[in-house]
1. Work out the FRET efficiency for residue 89 and residue 116 from their Cβ-Cβ distance, taking R0 = 25 Å, and round it to the nearest 0.05.
2. Can you pull the percent of the range 77-137's accessible area that's carbon plus sulfur, 1.4 Å probe, other chains left in place?
3. Label residue 131 and residue 79 with points 7 Å out from Cα along Cα→Cβ: what is the distance between them in nm?
Amino acid sequence: LYRIWDRNAGSSKSKLWLSRVAVAAIASLTYWATLNTEIGFYLTMNPFALLVFWWLRQEIAAGGEGWLGWVGRRSYSIYLVHIVAATLIQKFSFSYSFPPLEFAAFAFVLSLGFYEAVERPSHRLARRMFQRFNPVVATTG
């Protein structure tokens, strides 16, 4: 099985997008199956993990990051800030319902600010500290 994945690792853009769509569709299907059938996570997540492994190998083999890589580098900030965004919306909104797309956009904009103000400088500081305290590793790499 690994040889098949390894042989098919070099992917064209259309094949890569097809695998992205397949993973999204199967993720939705497995989530639906765990909620609406007797199938539990233990039966759906293991095959899904293999599919994600195959998909990630294709992503890595494709090389370029593009806009997904740009968003991916900011994904931890999105994770950290989305609860703050929800709290702000709940506190300052006059409505109990807020459109999901607008919430996502608001959370993403907040996370961009957080990434530039906190996360990115922290990464630079961590690299400088690592080079300072591990000079041998820093000069050989």
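The values are calculated or read from the model by the stated rules, or taken from the named source; none is laboratory data. What you see is a predicted model; the values in this text were computed from it and never measured. Cβ: placed from backbone, ideal geometry, glycine included. Neighbour counts: every protein chain shown. Calculation scope for accessible area: heavy atoms of the full protein, side chains included, ligands and nucleic acids excluded. Shrake-Rupley method; radii C 1.70, N 1.55, O 1.52, S 1.80 Å.
1. 0.70
2. Details: 3410 of 4890 Å².
Heavy-atom surface of the range 77-137 belonging to carbon and sulfur, 1.4 Å probe: 70 percent.
3. Result for the modelled spin labels: 2.7 nm.
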